[in-house]
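Below is one structure, written out as structure tokens; comments come after it.
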Amino acid sequence: MVERDLVAHEAQGLPTDWRFAIAYSAALKLATVVVRAEGYRTVGGGHHFVTFAAFGAIMGTAEQGRVQYLQSCRVKRNRAAYDRAGEVTEADVEDLVSEAHALKELVIAWLRQHHPALLPGVWT
């Protein structure tokens, strides 16, 4: 699903807000991989916030800047999805896509070190 989202954000004709939401979805899934690998699940209202917070707790202080960035993307995505169109710029999309690719590499390395049996075949 992460690979799908990292490609799908490039689809022609999609509004910038939607492209951002697709890239956000990839980042959220990657954070979820870490949280679930450690045996936790987030459910209910606010689960995106909790997922990123739990990801940060698991990954440690070195990733707190990344967690803050992801939380700011969560807020931006919520505004774009529920409040008003045009909230997101092309630069916002490209920044988040770049971050999602970096996050993917971090998660793959983390899985190799902590849970190698959970690595999907596409990432081994």
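The values are calculated or read from the model by the stated rules, or taken from the named source; none is laboratory data. Just so we're clear, the structure is a prediction, and the values are computed from it rather than from any experiment. In this analysis, Cβ positions are derived from the backbone assuming ideal geometry, glycine residues included, and neighbour counts consider all displayed protein chains. Each accessible area value is taken on the protein alone, full model and side chains, heavy atoms only, with ligands, DNA and RNA left out. Shrake-Rupley method; radii C 1.70, N 1.55, O 1.52, S 1.80 Å.
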TODO: Look at the stretch 91-124 and say how many of its residues are farther than 18 Å from GLY56 by Cα and within 15 Å of the chain's Cα centre (by Cα).
DONE: 6
Open item on the list: Looking only at residues that are open to solvent by 50 Å² or more (accessible area, probe 1.4 Å) and in a helix (DSSP H, G or I) in the stretch 110-124, which one is modelled with the lowest pLDDT?
Closed with: VAL122
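Looking only at the stretch 14-33, how many residues end up being closer than 15 Å to GLY86 by Cα and open to solvent by 10 Å² or more (accessible area, probe 1.4 Å)?
Here is the first cut: in the stretch 14-33, the ones closer than 15 Å to GLY86 by Cα are 14-21.
Next, only the ones that are open to solvent by 10 Å² or more (accessible area, probe 1.4 Å) stay: 14-19, 21.
Number of matching residues: 7.
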TODO: Could you please let me know if VAL2 is in contact (Cβ under 8 Å) with a residue 12 or more places away in the chain and touching a His at 6+ places or on another chain (Cβ under 9 Å)?
DONE: no
Open item on the list: Considering only residues that are open to solvent by 30 Å² or more (accessible area, probe 1.4 Å) and either under 13 Å from VAL97 (Cβ atoms) or within 19 Å of the chain's Cα centre (by Cα) (or both), which ones fall in the stretch 4-13?
Closed with: ARG4, VAL7, ALA8, GLU10, ALA11
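I'd like to check something: does the stretch 16-27 contain any residue that is within 20 Å of LEU119 (Cβ to Cβ) and either within 16 Å of the chain's Cα centre (by Cα) or not polar (S, T, N, Q) (or both)?
Among the residues of the stretch 16-27, at least one is within 20 Å of LEU119 (Cβ to Cβ) and either within 16 Å of the chain's Cα centre (by Cα) or not polar (S, T, N, Q) (or both), which makes the answer yes.
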- [ ] Tell me which residues, restricted to the stretch 34-81, are surrounded by fewer than 21 Cβ atoms within 10 Å (Cβ to Cβ), among the aliphatic types (A, V, I, L, M), in contact with a helix residue (DSSP H, G or I) (Cβ under 9 Å, 6 or more places away or on another chain) and more than 26 Å from PRO120 (Cβ to Cβ).
- [x] ALA81
